[in-house]
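Inspection log for the structure reproduced underneath, given as structure tokens.
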Amino acid sequence: MILKGKKAVFLGDSITEGIAASSSEKCYVSLFAKNEEVVVFNYGVGGTRIARQSNPDTSDPRDDDFIMRSDRMAPDADIVVVFGGTNDYGHGDAPFGTEEDETAFTFCGACNVLFEKLNNQFPRAVKLALTPLGRDGEENPPAGKRPLCEYAAAVKSAAEKHGWLVLDLYAMCKTDPAIAQVRRQLADGLHPDDLGHALLAGKIAEFLKGIPE
């Protein structure tokens, strides 16, 4: 796939927003745009989740979930990237659910709703889902939460079911040298530092360039 001149939208959480990068220009989305000469729109909002809360608080930005925000994305994107799930693991009241769920109020269901919604919203775009990175402390999940690996697996399963491409960053933390380095150098145990953002930008570009036109 030729990236130069394309338009891409990135829907995500604080990692996509660029928290822990030293500047907005060092965020992986900005680096991807600069390096590949792509027009990007960054819809990363810190603390947000894929799944909807049982009683969303309109005054809490974290409750403006991915499904809600997807309506506000640029409509003519050539590439759609979704990178989320770590906050669904980390906090919030949505149950995990099952692969058959079709409700925004469970994590698995929200993944199904989101990917299908974006299929309809961007029928001609290349669509790529990124699973959560590993994070410090994941061996001790928060009360009432499944292990992080299950959230990553649910993102991958739902994305593939809806015809999306998947870059399984969670698995790549153990198998890919670049992503393993991102995982080792998280600035605060969750967010990539400048080097991590640069490595993420390069890995996303490499993956997309390998897609046949």
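Examine segment 4-21 for a residue that is more than 15 Å from the chain's Cα centre (by Cα) and under 21 Å from L186 (Cα atoms), and state whether such a residue exists. Looking for residues that are more than 15 Å from the chain's Cα centre (by Cα) and under 21 Å from L186 (Cα atoms), one finds at least one in segment 4-21, hence yes. Considering only residues in segment 129-147 that are touching a helix residue (DSSP H, G or I) at 6+ places or on another chain (Cβ under 7 Å) and of a type in the set (G, A, S), the one that is surrounded by the fewest Cβ atoms within 10 Å (Cβ to Cβ) turns out to be G134.
Residue by residue, here is whether (1) surrounded by fewer than 22 Cβ atoms within 10 Å (Cβ to Cβ); (2) of a type in the set (F, W, Y); (3) at pLDDT 95 or above; (4) over 17 Å from G90 (Cα atoms) holds:
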position: N119; (1), (2), (3), (4): yes, no, yes, yes
position: C149; (1), (2), (3), (4): yes, no, yes, no
position: Y170; (1), (2), (3), (4): no, yes, yes, no
position: T175; (1), (2), (3), (4): yes, no, yes, yes
position: Q185; (1), (2), (3), (4): yes, no, no, yes
position: D193; (1), (2), (3), (4): yes, no, yes, yes
position: L200; (1), (2), (3), (4): no, no, yes, yes
position: L208; (1), (2), (3), (4): no, no, yes, yes
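Of all the numbered requirements in (1) in a helix (DSSP H, G or I); (2) touching a Lys or Arg at 6+ places or on another chain (Cβ under 6 Å), F115 misses one, and that requirement is (2). Remark: pairs (first residue in segment 81-94, closer than 27 Å to A8 by Cα and among the aromatic types (F, W, Y); second residue in a helix (DSSP H, G or I) and modelled with pLDDT of 95 or more; Cβ separation under 7 Å; 6+ apart in sequence or on different chains) = F83/I15; F83/T16; Y89/L148; Y89/Y151. Note on segment 25-46: among residues that are of a type in the set (G, A, S) and either touching a Cys at 6+ places or on another chain (Cβ under 9 Å) or outside any loop (DSSP other than H, G, I, E, B) (or both), the one that is farthest from D93 (Cα to Cα) is A33. The residues of segment 90-114 that are surrounded by 24 or more Cβ atoms within 10 Å (Cβ to Cβ) and within 21 Å of E17 (Cβ to Cβ), listed by number, are F107, A110, C111, L114. Six or more apart or on different chains, Cβ under 7 Å: which pairs go from a residue in segment 95-108 that's at negative phi to one that's crowded, with 18+ Cβ neighbours inside 10 Å and of a type in the set (S, T, N, Q)? Could you list them? Taking only residues 6 or more apart or on different chains, the pairs are P95/T106; F96/T106; D101/N112; E102/N112. Among the residues of segment 43-63, those identified as in contact with a Gly (Cβ under 8 Å, 6 or more places away or on another chain), under 11 Å from T16 (Cβ atoms) and not β-branched (V, I, T) are Y43, G44. When R49, R62 are checked against the criterion of being basic (K, R) and outside any helix (DSSP H, G or I), R49 stands alone in meeting it.
Of all the listed residues (T58, T48), the sole one being crowded, with 19+ Cβ neighbours inside 10 Å and at negative phi is T48. If the condition is being over 28 Å from A74 (Cβ atoms), without any contact (Cβ under 8 Å) to a residue 60 or more places away in the chain and not charged (D, E, K, R), then segment 120-169 contributes G134, G137, N140, P141, P142, A143, G144, P147, C149, A153.
The values are calculated or read from the model by the stated rules, or taken from the named source; none is laboratory data. All values reported here derive from a predicted model rather than from experimental measurement. Glycine also receives a Cβ, built like all others from the backbone with ideal geometry; neighbour counts cover every protein chain displayed.
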